1. Give me the distance in nm between label points sitting 7 Å out from Cα along the Cα-to-Cβ direction at HIS80 and LEU150, one decimal.
2. Defining a contact as two alpha carbons under 8 Å apart and six or more residues distant in sequence, what relative contact order in percent does the chain show?
3. Which lysines have a Cα lying under 23 Å from the Cα of LYS119, excluding residues fewer than 8 positions away in the same chain?
4. As a check on your grasp of the helix formula, calculate [θ] at 222 nm for the chain: sum -39500 (n - 2.57) over DSSP H runs of n ≥ 4, divide by the residue count, round to the nearest 500.
5. How do MET108, MET143 stack up against each other in accessible area, from largest to smallest, with a 1.4 angstrom probe?
6. Report in % the part of the accessible area of the stretch 28-138 that belongs to carbon and sulfur, leaving out ligands and nucleic acids; probe 1.4 Å.
7. So, with +1 on the Cβ of K and R and -1 on the Cβ of D and E, and no other charges, what is the size of the charge dipole of the chain about its Cα centre, to the nearest 20 debye?
8. Accessible area per residue of the stretch 13-118 at 1.4 Å probe, in Å²?
Amino acid sequence: MAFDFRGFGESPAPPSPEHSDENVRFDVLAAVRYLREHGAQTVSVVGASFGGTAAAEASADSAPGEIDRVVLLAHGSSTHPELIKGRKLFIVSRYDADGSGTFRLTKMREDYKNVSPPKRFVVLAGSAHAQFLFKTDQGDRLMKVILQFLSAP
């Protein structure tokens, strides 16, 4: 399932006053719970950039076993990385920098140090950010890494 966060993309509803960047995890959790209620045996969450931060926060707030795997593609820093549940895959390009010029690799390594196993960290060549990595020479490798992670027993 792919969705737009409330008030983003093609979502018709503007975010409510209490719906902020810090609360987008609730949209992720709503999607996860919808899938579970409709028969999904496993649920993996894949988020890139802003969506990766939302995925990390949703996993941290989820009930045990609610989210099985989390793919964080060039996400921002998580509030409580030690609470992220399930198997975790962190992916970033080596020279991907945020607006202040800080490499996301540095921030992601901090989160990675604080998450419990099972976990994996992949650093790709280049400077492309998040979903834009798919349009680079690293796109095939990125897709292969994600698919292997999601399909592993």
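1. 2.8 nm
2. Working: 262 pairs, mean separation 25.4, N = 153.
Relative contact order, the chain: 17 percent.
3. Answer for LYS119, where 23 Å is the Cα cut-off: LYS85, LYS88, LYS107, LYS144, listed by chain and number.
4. Details: 4 runs with 49 residues, N = 153.
So the calculated ellipticity at 222 nm is -10000 deg cm²/dmol.
5. Highest to lowest solvent-accessible surface, that is MET143, MET108.
6. 53 percent
7. Details: 18 positive and 18 negative charges, 143 e Å.
Roughly 680 debye, rounded to the nearest 20.
8. Working: 5090 Å² over 106 residues.
Using a 1.4 Å probe on heavy atoms only, each residue of the stretch 13-118 averages 48 Å².
The values are calculated or read from the model by the stated rules, or taken from the named source; none is laboratory data. Predicted model only: the values in this text are computed from it and were never measured. Virtual Cβ from ideal backbone geometry, glycine too; neighbours counted across all protein chains shown. The area values use the complete protein model at the heavy-atom level, side chains included, leaving out ligands, DNA and RNA. Shrake-Rupley method; radii C 1.70, N 1.55, O 1.52, S 1.80 Å.
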